[in-house]
Structure formats: structure tokens, C-alpha cells
């Protein structure tokens, strides 16, 4: 039995298992997938990955019962409770945020309304009617406590806080919520309902770094079945214990997280290549025999036998990467000044009838030419306000915001894909970018670097998947010869190969980049520095500290001015014994020198680990490869920690 709406929870027991066998689906002449078989049950946390347009969403919708497969069947036990979170939701109105979430605990909600109605009736009832209402009220209250009603309500508030909702937001009407916040409400409702099988299509798309970290913690210990689509490598690694890869119309299953998948997939490809090479040699030998004895009557039977054998031979297919490596040729922008943008003692916000509503205070930092700066922090904390200051769309309440000379700016946000003309082809839409076709670049070559190869450039924009449309919008944005590029959540709706394309593009981009994203892998790969926007402040971090990207306890995010301050780090024992003493300058200099030596040694260890990972022979031994990946991550963490220590000591010396 399938779900009755696009956001559904049905049935209920942990022992139930969903089984699919032989699933196939095509659209016209195009086959999305064939002969897919899988099992989803308690303890299986499965990540479904694959390129945009390969059929991931279609497969999810078949599994939950929204669509039928062309072939094969899905068995859903009657008592199996399925919760499904799609990428797009219908508008919800008429309820508050909290009431909408409580629909995930329908029995509790019904009783809560009954208790409320009975309480209202008590005020007007008299005599025997009052006695009956009192008895009904007591019975409903007892039942409410018995099924854990108060605990469920507390859990709903906890989940909403974890997903970034302020306490004041819990009572706000749903029709005031934007699309991203409505998606969070739907996710909260599903988590509260605790279905036997949770199916989610890109659940992190509208989350910030803090909320992603919180959701990871919730799902890593999920006791039921879990199937999700995500482009976030770190999220997959933290949650999944199995990977399903949809590629070349086939689904392959791997045990472990994303790092395990990378190693196992390469081993599988090597085995396929070896088998294909051996088969090719055998086929060549047979073909040589056929060619040599084709016209000899005495060998006719043997020749015919070998011809039939070749016709029946099932060729070994190598599942090579469908997205070849890209080479980017960006138009050279004019050279800007070294200081691209500078903020000094800025207070920013918005003017209202009641006065200034301050969002950020005491903001000071400098954006220098050629760097990649990532803005991170909870949604609603002020990242968009900061971007508006940089673009000039918003003037500061106080302080100074200045842009350097010869700074040309281009801004990409999540709405860019929505303004594409669906009636144009990909290449015609790309040609609407000013300057395209008039310079030395070939539009087809440029689009190929963004994954639109061959006939793909002639497809209608309206026929593209959401991720493909986002990729086209990114290609248009990056084609403009500017030297300051601001990207707001560019990875939403992208698949993993497209995220790789974006990563390569940003690495090759000749200008300055300001990046807002919840994709921590992308931040680690391309960012030089971070600005953490939180609690009304924007704090500069040199490098990319893991403590900012991965909150240790994943605290519930809060809006500016409402988040409790982080506790101060514990003092060393020696400092506690000598609270009134100060380190002499000479002691600080020695510690700084030692920190610098340790930092240099740690950086050398990172380089050594990177060289080891670059050795193709390493991946022939999975245990060694896994150990090398862990060693590389540990070396990076140590280098980042030592760099922060050096920077702290250097600041104390006033350098």
C-alpha cells in the first residue's frame, strides 16, 4: 500500500521490510533504469547517488507507491509505515508551524484538540452535563498522558529547534513560511512520526551547516529503514551504511559510507576493466580463427560454432565515469585592486516603523583579490544581509563598506534557475549571456565543461531536471567576465558529479569568490578563509577550521541575538594555579617559534599523505587505502589546529 499524499506516513512495525525486484522504467526511447532489486529494512541507512536525470527521484516515487514501474514489483507489508519527503511540497495553510509538525503524531493531536474542546465546554456546562464533561476530560487527559502526549509535544519543539526554528516561530502560520522553511517543517513532521521506513529526496537542500550537523546526529542512529538522495559527501559519510549508485541504467550496491564507496567502486572498475580486457583478447583470438578458416570446408562446423558463440556472448561492460574531467576556459576579467571589499565597524539591518532592526554589529574584515571566502552560519543569522552589504544593495546603519577599484560583480542565487526560458534550447539560453559568441570561446566547448556534451546542448530547458537547470544557470553566471563572484547555495539540486564540476570551476576561476553553501566538502575543497555569521556577529576565521564546519555538540541553531554564547574553553591547570601571572614576551616568542615548527611539520605531513593518495596502486589494497584516507584527514585536522594556535599566539604578540 502506498502513501496517500506527497507527504505521508502510513502503517507500523520495525520488523517490516520493503522489497523491490526487477524494477525497470523508461521515458520514451530513454531507459532510466532496468532490473533494479533492493531491500529496505531496520538498520539499513542507504544513500542513493547518481547523475542528474538518471532517475533517482523516479525510483524513490516508485518505491513509496506514487508511480508504477514498467516492469518488476514492490512488496510493501500492510503494517509498514513509510514517510516520504520530496524535493517540492504543496503549499500548506490554516495551521501553525507547531500544529503542522504535530500531524506527525496524529493520535496525540486528535486527543489534544479533544481536551481543548472539553475544557471550553466546562465553562458553560452545568449539572449532569458538567459531570459528564468532567469525566470525559479526565479520561482524555489520562489517555493523553498514557500515550506520551506531553513528551511528544516536547519532542516536536526539540526537533523544530534543531532545524533552526526560533521558539517564537513555532506558533507562526504556515502561509508565512517560505519554501525552504516549509520544507523544514515537513522534515520535522516526518522525524516526529518516526516511520518504519524514511525516504528523503535531498533533505539538506534548504538547511544550513548547523542544521545539517544536527540532522546527521538524528539519522546516524535511526533504528528504522532509511533511503535518501543527497549530493553532500560528508552527510552521506556520516549517515549511510550502504550506497546505491544509479549509473548507466543499472544500480550497484556498496557496503559502507561514501569513503568506502569510492575505494570499492574503483576496485570494481579495475576488475571490470581486467575482465573486459581478457574478454577482448579471447574475442580477438576467436575472430582470428574465423577469419583464417572461414572459406575452408573442413573447418566450416568449427567456424560456424564460433560465430554463434560470439553472437551469444554477453560482453563485459565497464561502468566508466559518465562525466569526463572538465577543462575550464573562463574569460579573463580585468584586474581589480588588491582590496576587493572592506567592512569597518559595520552595523547593518533594516529600517522599520519602530526604528532600526539590527541584524549584524561590529563587523570588520577585508576581502582580498583572488581568494575564496565562505560565509557559514545558521539560516536567518545574517549571511544574506552581509551579501547585500557587499553588493551595495544595502547601506550600513553605521560603519563603512567600500569596494575596491575596477571591481566587477556577478551574483548567483537559488532563483537563477527559475528565470530560464523553458522554450529555448540549452545553447540558445546560454547565448543570451552578453558577450557569448563574440569572443574566442566556443559555446559548445564551454557548455561541455559544465556537463552539456553533444546533443545535450540541443535539449529544451524545460526538459532538463532541476539539477541540470541549476548547472546551466551556473554556467551562465560564470561565463560573465567579472572579478568578484558571489554564489548563494549553488549546490542545491545538483548531483555529485555536478558538485565536482562546480568545485573544479571555482578552483579554476581567475577572480575572487564569496560563497554561501551548506556543502562542507565544497567549503573545505575551495575556500581559503571563513566568515562565521552567528548571534549578530560576523567573525573572520583564517583557513577553514573544522570546529566551525562541524559543531562538536551540534547545538540547536538560533537567530541573531538569541543564541547563547559558546562556553569559554577550560583554562590549563597551570593557568588556574597562577591566575594573576602573565606570560612574558620571551615565553610567548618561544611558544610561537615552537608552534611554527610544529605547523610546518604538520603541513609537510599533509603533502606526504596527499602524494600517497595520488598513487593508483594504493587502491589495490582496500585496507591500506582506507588507512591512507584516515591518515590524510588526521594530518589536515592537525595542520589546521596548529595554524590556529600559531595565529592566536602571533596575535597576542601584536604582530
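Within the range 439-469, find all residues whose amide N lies under 17 Å from a label point positioned 7 Å from the Cα of residue 422 along Cα-to-beta-carbon.
459-469
Among 521, 170, which comes first, second and so on when ranked by fewest other beta-carbon atoms within 10 Å?
Working: 521 22, 170 16.
Listed from fewest to most nearby Cβ atoms, that is 170, 521.
At a Förster radius of 45 Å, what calculated FRET efficiency corresponds to the Cβ-Cβ distance of residue 113 and residue 550, to the nearest 0.05?
Here the calculated transfer efficiency is 0.65.
Per 0.36 nm of contour for each residue apart, how much would the distance between residue 289 and residue 612 grow if the chain were fully extended, relative to their Cα-Cα spacing?
Gain on stretching residue 289 to residue 612: 111.7 nm.
With a ≥ b ≥ c taken as the square roots of the eigenvalues of the C-alpha gyration tensor of the range 141-295, please select rounded if a/c is under 1.5 and otherwise prolate if a/b is larger than b/c or oblate if it is not?
In terms of gyration-tensor shape, prolate.
How much length, in nm to one decimal, is gained on full extension between residue 21 and residue 141, taken as 0.36 nm per residue of separation minus their Cα-Cα distance?
Computed gain between residue 21 and residue 141 is 38.5 nm.
How high is the FRET efficiency between residue 463 and residue 70 when r is their beta carbon distance and R₀ equals 25 Å, given to the nearest 0.05?
0.80
Quick one: compute the contact order of the range 20-59, relative version, from alpha carbon pairs under 8 angstrom and 6+ residues apart, as a percent.
32
Given labels modelled 7 Å from the Cα in the Cβ direction, how far is it in nm from residue 314 to residue 134?
7.7
Report, in whole Å, the centroid distance computed from the Cα atoms of the range 268-295 and the range 347-385.
That distance is 64 Å.
So, R0 is 25 Å and r is the distance between the beta-carbons of residue 356 and residue 542; what FRET efficiency does that work out to, to 0.05? Provide the component values of the computation, followed by the final result.
Numbers: r = 31 Å, r/R0 = 1.25.
Here the calculated transfer efficiency is 0.20.
For the range 335-390, what does the relative contact order come out to in percent, with C-alpha contacts under 8 Å and a separation of six or more? List each step's numbers first, then the result.
On the way: 67 pairs, mean separation 19.2, N = 56.
The normalised contact order for the range 335-390 reaches 34 percent.
Using Cα pairs under 8 angstrom and six or more residues apart, how large is the relative contact order of the range 42-186, in percent? Spell out each step's value before the answer.
Numbers: 82 pairs, mean separation 46.0, N = 145.
The value is 32 percent.
Exposure proxy check: 342, 202 ranked by fewest other beta carbons within 10 Å?
342, 202
What does the highest-first list of 215-221, 95-101 look like by mean Cβ count within 10 Å?
My ranking of the peptides, most packed first, is 95-101, 215-221.
Bear in mind that the values in this text are calculations on the coordinates, not laboratory data. Source: prediction; values computed, not measured. Glycine gets a Cβ as well: all are built from the backbone with ideal geometry, and neighbour counts include every protein chain shown.
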